[in-house]
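The values are calculated or read from the model by the stated rules, or taken from the named source; none is laboratory data. This is a predicted model, so every value here is computed, not measured. Because the Cβ atoms are built from the backbone with ideal geometry, glycine has one as well, and the counts that use them run over all protein chains shown. Areas reflect the complete protein model, heavy atoms only, side chains present, ligands, DNA and RNA absent. Shrake-Rupley method; radii C 1.70, N 1.55, O 1.52, S 1.80 Å.
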Amino acid sequence: MARATPPSRAQRFYALARDWLIHSALPLLVFLASLAVWEGLVWVKSIPPYLLPAPSRIATTLIADWDTLSASLYVTLRITFAALFAAMFGGVGLAIVFTQWKWAERSFFPFAVILQVTPIVAIAPLLLVYLDSTLAVLTCAFLVAFFPILSNTALGLASADRHLVDLFQLYRASRWQQLIWLRLPAALPYFLGGLRIGGGLALIGAIVAEIAAGSAGQGAGLAFRIVESGYRLNIPRMFAALVLISITGILIFLFFTLLSHLLLGRWHESARKTES
Amino acid sequence: MTDAPLVQLKNIGKEFANGVVALEELNLTIHAGEFLSLLGPSGCGKSTALRLIADLSTPTQGQIEWHQGHDARQTLGFVFQDSTLMPWTSVYNNVWLPLRLAGVSRSQADYRIHEVLDLVGLRAFESAYPGELSGGMKMRASIARALIQRPQLLLMDEPFAALDEITRLKLNNDLLQLKAELAMTIVFVTHSVYESVYLSNRIAVFTSRPGRIVRLIDIDAPYPRDLSFRHSELYAKSCQDASEALQSAMSEQDHL
Ligand SMILES: Nc1ncnc2c1ncn2[C@@H]1O[C@H](COP(=O)(O)OP(=O)(O)O)[C@@H](O)[C@H]1O
Ligand SMILES: [Mg+2]
């Protein structure tokens with residue numbers, strides 16, 4: 001049973017770097033080219049910044065207004081992650097309750113679905129009646145992030161291999177042993193998928209709810225900066241806030257993708273590279 | 001070889017909730033120490049019979065009687081067609097599972113785990129994950145797990161059906177050796193005539209659904225068996241017997 005020697009660390013690193021170049025260099029080039037075209041267009045046609053600011057102008061605004069923008073970024077991030085954490089614990093907890101007690105699933109699942117299918121912008125004004133604006137925004141972000149985590153995790157918990165379930169039964173595993181040693185690990189890839197979707201949605205929820213709330217003062221997040229800059233016709237700052245939101249979204253996505261690879265790398269198909 | 005009965009299936013019937021009758025009037029005695037193959041066309045209820053013996057499912061008719069105390073029933077080993085390992089953890093942890101569920105700590109189980117890994121020749125791969133192993137090695141890990149409780153009775157449901165021919169022949173020989181070393185009783189489900197003849201003392205041939213035993217064939221060749229047995233007249237004759245029994249069992253129902 002001889003096996004080929006595994007590639008050395010250096011070889012692996014080299015292969016990874018080459019892959020990265022092939023996969024990332026091209027899109028990066030296209031992205032930079034489109035920025036250049038944008039920049040050029042603004043200069044050639046002398047479009048005023050209050051209509052369409054050039055990328056360079058957006059960058060300088062980002063630096064000049066960093067104090068205000070970073071404070072807002074911090075507010076948005078805090079709400080997004082607080083909502084995501086709550087959704088994570090709530091979603092996984094409820095999914096476990098659903099799989100352990102079928103009647104609970106039957107009784108509460110409809111509520112989860114109703115909350116999911118009702119557009120968040122429509123709920124936000126109502127929540128604002130009952131809650132202060134920060135809490136209302138947090139609740140909206142939570143509600144949108146919650147459902148994908150719940151439904152993915154519940155699906156994962158239910159889709160443990162049938163024969164493995166038999167095996168646990170054969171060895172007289174208790175329901176909790178089965179949950180901990182079998183169902184939870186089997187659900188991990190599904191949960192991480194839900195988390196990746198939920199992470200993006202929490203950010204979207206936080207932005208949409210803040211726009212609906214239109215709140216000012218201590219709790220002004222990036223969405224409020226966009227609305228405010230719009231009123232003041234400060235279009236470069238509007239773009240700068242938008243850039244920050246996009247970057248945040250991308251970073252959240254990358255973070256959870258990386259987390260999936262780290263946790264699943266050795267066993268799950270989704271995280272394993274096909275050999276070429 | 002003893003003739004003492006270990007388990008008896010008496011007039012077993014199994015009808016599933018959806019109305020499918022998988023087994024009907026199944027009578028079978030499993031003797032301690034024997035290698036019994038259940039041979040039959042796919043869908044005839046072989047897996048169902050095995051699951052009934054393992055108490056993973058209950059018969060809708062008849063009863064299953066255990067004769068030699070509780071031990072055999074408590075520790076029985078089960079090997080599925082696909083190796084059914086937990087993909088998220090190492091071979092070591094997979095083999096540990098039955099003991100772990102019974103509350104045996106890692107340090108207490110360590111010696112046993114290494115012992116069975118040695119038996120199946122996987123000691124060097126204890127920290128590998130199932131996804132990193134070949135099909136044959138996965139099956140070995142699965143067998144190691146089934147052996148960890150020192151079962152008197154090992155149930156195997158088409159364990160080698162998905163493997164390539166060469167690996168299967170190798171594992172057939174290794175299985176016979178394991179059986180000799182550990183003095184177990186083995187009930188082995190297969191739809192391969194050749195495999196059943198090569199491995200077993202006795203073959204129970206099933207009809208198509210609803211499954212019943214139409215013939216019991218004794219293979220009176222001594223163990224250890226090797227290539228020379230495959231070339232013997234007894235082997236050829238037994239294969240012919242088993243094939244004919246299978247043929248007639250299938251045409252009797254004129255199913256297809
Ligand atoms: N849980 C179940 N519910 C309904 N029908 C089943 C179930 N399990 C098996 N069957 C049916 O019972 C018959 C026998 O199945 P099985 O024992 O798996 O056959 P074999 O192992 O001989 O191929 C098949 O027709 C199968 O579709
Ligand atoms: Mg089967």
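Here is how the numbers come out for the structure above:
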{"read-out": "Accessible-area order (highest first, 1.4 angstrom probe) of the listed residues B:ASP118, B:ASP3, B:ASP241", "value": "B:ASP3, B:ASP118, B:ASP241"}
{"read-out": "Neighbouring partner chain Cβ atoms per residue of A:173-181, average, 10 Å criterion", "value": "2"}
{"read-out": "Estimated buried accessible area (total), pair A and B, 1.4 Å, Å² to nearest 100", "value": "2500"}
{"read-out": "Under 5 Å, built H, 5+ apart or other chain: amide partners of B:GLN81", "value": "B:ASP157"}
{"read-out": "Equivalent ellipsoid, the range A:64-260 (semi-axes from 5 times Cα gyration tensor eigenvalues, Å)", "value": "39, 18, 11"}
{"read-out": "Backbone N within the range A:74-97 under 17 Å of label point (7 Å from A:TYR231 Cα along the Cβ vector)", "value": "none"}
{"read-out": "Residue-by-residue Karplus 3J(HN,Hα) for the range B:84-90, coefficients 6.51, -1.76, 1.60, Hz, glycine and proline x", "value": "6, 9, 7, x, 8, 9, 6"}
{"read-out": "Mean-position separation - Cα centroids, the range A:203-273 and the range A:4-46, in angstrom", "value": "23"}
{"read-out": "Apportionment of accessible area to carbon and sulfur, chain B, percent (1.4 Å)", "value": "48"}
{"read-out": "Potential lengthening between A:TRP43 and A:SER56 on full extension [0.36 nm per residue; Cα-Cα distance subtracted]", "value": "3.6 nm"}
{"read-out": "Distance violations [Cα-Cα > 31 Å] among B:LYS10/B:LYS170; B:LYS46/B:LYS237; B:LYS10/B:LYS138; B:LYS14/B:LYS170", "value": "B:LYS10/B:LYS170; B:LYS10/B:LYS138; B:LYS14/B:LYS170"}
{"read-out": "Under 5 Å, built H, 5+ apart or other chain: amide partners of B:LEU23", "value": "B:LYS14, B:GLY211"}
{"read-out": "Per-residue SASA entry for A:ILE197, accessible area with 1.4 Å probe, Å² rounded to 10", "value": "90"}
{"read-out": "Spin-label pair B:GLU115/A:PHE253, simplified geometry with 7 Å Cα→Cβ offset, distance in nm", "value": "5.5"}
{"read-out": "Amide H partners (placed H, <5 Å) of B:ARG215, local residues excluded", "value": "B:VAL205"}
{"read-out": "Inter-chain shielding of A:158-168 (mean C-beta neighbours from other protein chains, 10 Å cut-off)", "value": "4"}
{"read-out": "Solvent-accessible heavy-atom area per residue, rounded to whole Å², over the range A:27-76 at 1.4 Å", "value": "67"}
{"read-out": "Drop in accessible area of at least 10 Å² in the complex versus isolated chain, residues of the range B:55-80, 1.4 Å probe", "value": "B:LEU56, B:GLN74, B:LEU76, B:PHE78, B:PHE80"}
{"read-out": "Additional length obtainable on full extension of the chain from A:ILE22 to A:PHE108, 0.36 nm per residue less Cα span", "value": "26.2 nm"}
{"read-out": "Extended-chain gain in nm, criterion 0.36 nm per residue less alpha-carbon gap, A:HIS163 and A:LEU262", "value": "32.9 nm"}
{"read-out": "A:PHE13 - accessible surface, heavy atoms, 1.4 Å probe, Å² rounded to 10", "value": "150"}
{"read-out": "Axial C-alpha extent at least 24 Å, average Kyte-Doolittle at least 0.0 - helices from chain A (DSSP)", "value": "A:9-44, A:66-100, A:133-158, A:184-213, A:235-264"}
{"read-out": "Shielding of B:88-100 by partner chains, average beta-carbon count, 10 Å", "value": "3"}
{"read-out": "Where the range B:85-150 is the region considered: accessible area per residue in Å², 1.4 Å probe", "value": "37"}
{"read-out": "Cα centroid of the range B:50-65 to Cα centroid of the range A:119-181, whole Å", "value": "37"}
{"read-out": "A:ILE235 accessible area, assembled protein chains, probe 1.4 Å, Å²", "value": "20"}
{"read-out": "B:LYS10, A:LYS102, ranked by accessible area, largest first (probe 1.4 Å)", "value": "A:LYS102, B:LYS10"}
